[in-house]
1. Which helices (runs of 4 or more DSSP H) sit wholly inside segment 1-49 and have at least 3 residues that are crowded, with 18+ Cβ neighbours inside 10 Å and touching a helix residue (DSSP H, G or I) at 6+ places or on another chain (Cβ under 9 Å)?
2. Please state which of the following conditions residue 34 fails to meet, knowing it meets all the rest: (1) farther than 15 Å from residue 113 by Cβ; (2) in contact (Cβ under 8 Å) with a residue 12 or more places away in the chain.
3. Test each condition in (1) within 22 Å of residue 105 (Cα to Cα); (2) under 18 Å from the mean Cα position of the chain (by Cα) for residue 89 and report the one that comes out false.
4. Given (1) free of Cβ contacts under 8 Å to residues at least 40 places away in the same chain; (2) closer than 19 Å to residue 10 by Cβ; (3) buried (at least 16 other Cβ atoms within 10 Å of the Cβ), identify the lone condition not met by residue 86.
5. Looking at (1) part of a helix (DSSP H, G or I); (2) closer than 21 Å to residue 3 by Cα; (3) touching a residue at least 24 places away in the same chain (Cβ under 8 Å), can you tell me which one residue 111 breaks?
6. Test residue 75 against the stated conditions and say whether it is at negative phi and surrounded by 13 or more Cβ atoms within 10 Å (Cβ to Cβ).
């Protein structure tokens, strides 16, 4: 049983607990595969925060596109972030947006890593 924190030291809080619970039965090779694939697909909460801040000055909704919510991204784009109210809410909940996306990605990568 390998320690996932060695391979993904950038993980924190809920995301780290989630990934540890998924990879607890993995061997070293599976953990390394999981870490490599997960790192390329996950979204960093700080990136979500920065793109949400861009919604105030450049274009709203980029954060929603990044987390795979294309419909909401288009809605934000055409309504200026729902008149900035949605953008403000996303500023408050940026970590939840990233976690929900990363949770889906972790379960997808779990299937890949188990097949190795």
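The numbers here are math on the coordinates, done by the rules we state, and not lab data. Please read all numbers here as calculations on a predicted model, not as lab measurements. Backbone-built Cβ (ideal geometry, glycine too); neighbour counts: all protein chains shown.
1. Where helices (runs of 4 or more DSSP H) fall fully within segment 1-49 and carry at least 3 residues being crowded, with 18+ Cβ neighbours inside 10 Å and touching a helix residue (DSSP H, G or I) at 6+ places or on another chain (Cβ under 9 Å), they are 13-23, 28-41.
2. If we test residue 34 against (1) farther than 15 Å from residue 113 by Cβ; (2) in contact (Cβ under 8 Å) with a residue 12 or more places away in the chain, just (1) comes out false.
3. Result: residue 89 fails condition (1) only.
4. (2)
5. It is condition (3) that residue 111 fails.
6. Against the criterion (at negative phi and surrounded by 13 or more Cβ atoms within 10 Å (Cβ to Cβ)), residue 75 qualifies.
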